[in-house]
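The values are calculated or read from the model by the stated rules, or taken from the named source; none is laboratory data. These numbers were taken from a predicted model, which means no experiment stands behind them. When we count neighbours, we look across all protein chains shown, and the Cβ atoms used for this are built from the backbone with ideal geometry, even at glycine.
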Amino acid sequence: MDLAAQTSGWLLDPGNWQGPNGIPYRLAEHVALCGASLLIAAIVAMPLGLWLGRAGRLSWLIVSSTNAWRALPSFAVIGLLIPVTTAIDPSLGFTLYPTVVAMILLAGPPILVNAYEGIAAVDRDLVEAARGMGMRERQILLGLEIPLALPVLATGMRSAAVQVIATATLGGTFGFGGLGRYIVLGDANHDNGELFGGVVLVAALALATLAVFRLAEWRLVSPGLARSPAT
Amino acid sequence: MRARPSDTRAASLEFRHVSKRYDRGGDGPGAVNDLSFAVPAGAICVLVGPSGCGKTTSLKLVNRLIEPTSGQVLLDGVDVMTQEVTALRRRIGYVIQSVGLFPHLTVGRNVATVPSLMGWPARQQQARVEELLGLVGLDPARYRDRYPSQLSGGERQRIGVARALAADPLIMLMDEPFAAVDPIVRERLQDEFLRLQREISKTILFVTHDIDEAIRMGDLIAVMEQGGRLAQFGTPRDILAEPASDFVARFVGEDRGLKRLSLQTVANLRVEPLERRLDGMPEFGPATKLRDALSILLVAETRGGIALDETGRPRGMVTVDAIASALAEDGTGPGRVPADR
Amino acid sequence: MNGEPLMRWDWVAAHLDSIFGRLEQHVGLTILAVTIGFAISFTLAAVSVRQRRLYPYVTLLATAVYTIPSFALFAALVAVTGLTVLTAEIPLVLYTLILFVPNIVAGFDGVPADVLDAADGMGFTRGRRWLRVELPLAVPLIVAGLRLATVSTIGLLTVSAILGDSFGGLGYFILDGYHRHFTTEIIIGGVLSIALAAVADIGFFLAQRRLTPWATARAAVR
């Protein structure tokens, strides 16, 4: 098929592997910003979720977060952040900032909700038994509650990662760089090789991330725990 | 299996006018009211009573999961409130009804929980785990690397006991540990536990709602009633023969006479001389409980049965009357070994 | 962008027709995708319930598809279907699979075995039992799946605006506004698509409550 030839041609062209529009650069851009957003979201959402879940407080916040996350189309979120960013600083509205902020905002809820649910699901009897045996509170959190909540926590991180990669890709339309840019440029220049090269790269990155997270889950979660029911 | 020197620690326990009130003072459920009793080292004391009588609360007062409003809980004469709480808890073995094995750790790591918290060297932990698994009747090689989710209820209970014994505690607290298994497994676990206790002689505070279990397991029984009050404290024989109140009498049941018979065995029975040995006369080994012997005699076609001694030779004749007399002789029979050893 | 106000209501007033048109398009395409997706998913789920061994493969495939960012998938479809309704609908349908199938399977799995036995004992045929007993009990989770899928589709539909001016429903405004540096359009597109998703979410939530007075539904975050 002509399309396959065009795509592989584009992917294999050494010229496309150099410079600021080159594959390594865009890939690094995409991964780095995804990673950074995920990290920031996790630093805020994970401890908050763990703390709230342990105390059993503010469950309405969790429910609202779940709903909000489901109902917010990332396209709309990035879109709406543009006027917001513009209002703050007109020169930034059409650069990568709306996308990055959207990534952080959209990564937050899955991490928060799953941290809450994961910790809240730990059997209180076990915690009391541990306390009765002489474990200190911090030992209980780190040695018992978190390992038991890990399957659910990991699912949350994985959902957030998938979400972030997709949002970053979308950002290619809105002035963010990354792999999504190839799709946009390919479309503008009627260069099918570039467009589908971008598609292939994005899909590969997404699937690779999924695989990496699944692998990490498999290694980190104790074999003594049943597999988390959510995919 | 001989008791090892590492397993001889046991402390005495005393409750001195201990009360626990929640907010609105008085007789709320779970409250404890002026509880006083003493358990010598090495004895099993069973806290028994209906739901809400405060028995589990009393248990938790010992390892300070709950703290008393007034009164003192003394371990070897020392008030538990004066000790550092985490260090105290690591010296106390704690077994709860659902066992509470950590699902994400192997059996070996579970058993080694407290030794690990106390910083024992790895090799010592390993050795102790093997010793304990053997003690509770499980093959270390087979069980050490398994996970709790792969085990049956009975196996989990045993590991729970092993875990509680791991750091050679001064006292064991057990909250309905055998309630979650079916009756056949429960009886086996009770027997094995009693056998274990004969070897290691720990001081044990055991909570149950089942009066039969209390009689079976306890050297001393504390019957509690609603409102967290102590209704009676004494040996199983005392509770059954001389219930201190209507409540206790009702709680132990109308058949307390029969229950007392399960405290005595054929070995201690005064037997009549054996006149004639007829066919079909049931035979009783020395360890047969009088209650079971009575039950068999009541449906036998002969007038009596044969008591055997340890070597299997006939010792004399057992009759229903003889058993009834044993019951009537208040407390002069050996019965259970009294707690002051 | 100097001095240009963030929101120009006169533009909105002048373009109400076009706004409603896009809204209609959005709703229509969502319903289409969800319906087709449901039909396919239901079949897959029914097969998975019978043939357990297939289930992990079905989930794996659906997960893989869902993981691929919609942006890329829409762009990829162009090669296959050119620029037609299918270009947008096919990915949307595929994205609903991972949301529907586990919920439908869980719905049927959740029917207690003793209830089934009781039904058999009362003389239900397999067919009637499925219709009168299993299906009603599976409904809560099925509706949970519908809720997830509908809200997700509403969101993903906006992305299809990248395919061209006649696509994207309300997403058209977001993209067009971006290209023209016209924030009013972006805001209209964004706020309305979020509002639509919220309305759908609440609508299904209420439906769930009406249909299952005996249970509360709680779906894990995907």
>> I'm trying to understand the selection: among the residues of region B:1-43, which are surrounded by fewer than 18 Cβ atoms within 10 Å (Cβ to Cβ), of a type in the set (A, V, I, L, M) and at pLDDT 90 or above?
In response: B:A38, B:A41
> Just checking, how many residues over region B:148-173 are in a loop (DSSP other than H, G, I, E, B) and among the small types (G, A, S)?
Replying inline: 3
>> Taking the condition of being within 17 Å of B:M217 (Cα to Cα) and in contact with a Lys or Arg (Cβ under 7 Å, 6 or more places away or on another chain), how many residues in region B:230-251 meet it?
In response: 4
> Of (1) more than 9 Å from chain C (Cβ to nearest Cβ); (2) not in a helix (DSSP H, G or I), A:G118 satisfies all except one. Which?
Replying inline: (2)
>> Out of the residues in region C:184-213 meeting the condition of being more than 21 Å from C:L156 (Cα to Cα) and more than 20 Å from the chain's Cα centre (by Cα), tell me which one is nearest to the other protein chains (Cβ to nearest Cβ).
In response: C:T184
> Considering region C:1-17 alone, what residues qualify as being away from every other protein chain (no Cβ under 14 Å) and surrounded by fewer than 12 Cβ atoms within 10 Å (Cβ to Cβ)?
Replying inline: C:W9, C:D10, C:A13, C:A14, C:L16, C:D17
>> Just to check your reading of the model, which residue among A:P151, A:P147 is surrounded by fewer than 24 Cβ atoms within 10 Å (Cβ to Cβ) and at the interface with another protein chain (Cβ under 8 Å from one of its Cβ atoms)?
In response: A:P147
>> Return the pair list, or none, for Cβ contacts closer than 9 Å from residues in region A:62-88 that are in a helix (DSSP H, G or I) to residues that are among the charged types (D, E, K, R), at least 6 apart or on different chains.
In response: A:I62/A:E117; A:V63/C:R218; A:T66/C:R218; A:N67/C:D201; A:R70/C:R147; A:R70/C:D201; A:R70/C:R222; A:A71/C:D201
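Every residue, every condition in (1) at pLDDT 90 or above; (2) under 30 Å from B:A164 (Cα atoms); (3) in the same structural domain as B:S36 (by TED's automatic domain parsing); (4) hydroxyl-bearing (S, T, Y), yes or no:
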position	(1), (2), (3), (4)
B:L194	yes, yes, yes, no
B:R198	no, yes, yes, no
B:G228	no, yes, yes, no
B:P236	yes, yes, yes, no
B:S245	yes, no, yes, yes
>> If I ask for residues that are free of Cβ contacts under 8 Å to residues at least 12 places away in the same chain and surrounded by 23 or more Cβ atoms within 10 Å (Cβ to Cβ), which ones from region C:169-189 would you list?
In response: C:Y178
> In the list B:I171, B:I215, which residue meets the criterion of being in contact with a strand residue (DSSP E or B) (Cβ under 6 Å, 6 or more places away or on another chain) and within 24 Å of B:S36 (Cα to Cα)?
Replying inline: B:I171
> Name the residues in region A:188-206 that are within 24 Å of the chain's Cα centre (by Cα) and surrounded by 15 or more Cβ atoms within 10 Å (Cβ to Cβ), would you?
Replying inline: A:L195, A:F196, A:G197, A:G198, A:V199, A:V200, A:L201, A:V202, A:A203, A:L205, A:A206
> Residue check, C:E89 against (1) surrounded by 14 or more Cβ atoms within 10 Å (Cβ to Cβ); (2) at pLDDT below 90; (3) over 24 Å from A:L210 (Cβ atoms), all met but one. Which one?
Replying inline: (2)
> For region C:17-47, what are the residues that are within 16 Å of C:L196 (Cβ to Cβ) and among the hydrophobic types (A, V, I, L, M, F, W, C)?
Replying inline: C:I19, C:F20, C:L23, C:V27, C:L29, C:I31, C:L32, C:A33, C:V34
>> Consider region C:162-184. How many of its residues are assigned to a helix (DSSP H, G or I) and out of contact with any Leu (no Cβ under 9 Å at 6 or more places or on another chain)?
In response: 6
> Applying the selection to region C:192-217, what residues are surrounded by 16 or more Cβ atoms within 10 Å (Cβ to Cβ) and either at pLDDT 85 or above or closer than 22 Å to A:L106 by Cβ (or both)?
Replying inline: C:L192, C:S193, C:I194, C:L196, C:A197, C:A198, C:A200, C:D201, C:F204
>> What are the pairs with Cβ atoms under 7 angstrom where one residue, in region C:101-130, is more than 14 Å from chain A (Cβ to nearest Cβ) and in a helix (DSSP H, G or I) and the other, located anywhere, is surrounded by 17 or more Cβ atoms within 10 Å (Cβ to Cβ) and of a type in the set (G, A, S)? Sequence gap at least six, or different chains.
In response: C:F108/C:A138; C:R129/C:A119
> Taking region B:115-147 on its own, how many of its residues are outside any helix (DSSP H, G or I), closer than 29 Å to A:L150 by Cα and among the β-branched types (V, I, T)?
Replying inline: 0
>> Quick check on this structure: which one of A:E137, A:E217 is crowded, with 17+ Cβ neighbours inside 10 Å and within 14 Å of chain B (Cβ to nearest Cβ)?
In response: A:E217
> Does A:T99 satisfy being within 28 Å of A:A149 (Cβ to Cβ), touching a residue at least 40 places away in the same chain (Cβ under 8 Å) and in a helix (DSSP H, G or I)?
Replying inline: no
> Tell me, which strands (runs of 3 or more DSSP E) wholly within region B:174-261 include 2 or more residues that are free of Cβ contacts under 8 Å to residues at least 40 places away in the same chain?
Replying inline: B:229-234
> So, of the residues in region A:154-184 that are over 30 Å from A:V122 (Cβ atoms) and out of contact with any Leu (no Cβ under 8 Å at 6 or more places or on another chain), which turns out to be farthest from the other protein chains (Cβ to nearest Cβ)?
Replying inline: A:R181
> Which residue out of C:G121, C:G107, C:G145 is more than 30 Å from C:V12 (Cα to Cα) and surrounded by fewer than 20 Cβ atoms within 10 Å (Cβ to Cβ)?
Replying inline: C:G121
>> Residue under question is C:F71, and the condition is that it be of a type outside the set (D, E, K, R), away from every other protein chain (no Cβ under 14 Å) and touching a helix residue (DSSP H, G or I) at 6+ places or on another chain (Cβ under 8 Å); does it hold?
In response: no
> Has region A:133-155 got at least one residue that is part of a helix (DSSP H, G or I), under 14 Å from the mean Cα position of the chain (by Cα) and of a type in the set (A, V, I, L, M, F, W, C)?
Replying inline: yes
>> The conditions are (1) surrounded by 15 or more Cβ atoms within 10 Å (Cβ to Cβ); (2) not in a helix (DSSP H, G or I), and C:L83 fails exactly one of them. Which is it?
In response: (1)
> When the residues of region B:136-154 are filtered to those that are among the basic types (K, R) and surrounded by fewer than 18 Cβ atoms within 10 Å (Cβ to Cβ), which remaining residue is farthest from the other protein chains (Cβ to nearest Cβ)?
Replying inline: B:R142
> What number of residues within region B:70-114 are away from chain A (no Cβ under 11 Å) and part of a helix (DSSP H, G or I)?
Replying inline: 5
> Applying the selection to region B:262-293, what residues are assigned to a loop (DSSP other than H, G, I, E, B), among the hydrophobic types (A, V, I, L, M, F, W, C) and over 13 Å from B:G305 (Cβ atoms)?
Replying inline: B:L263, B:A287
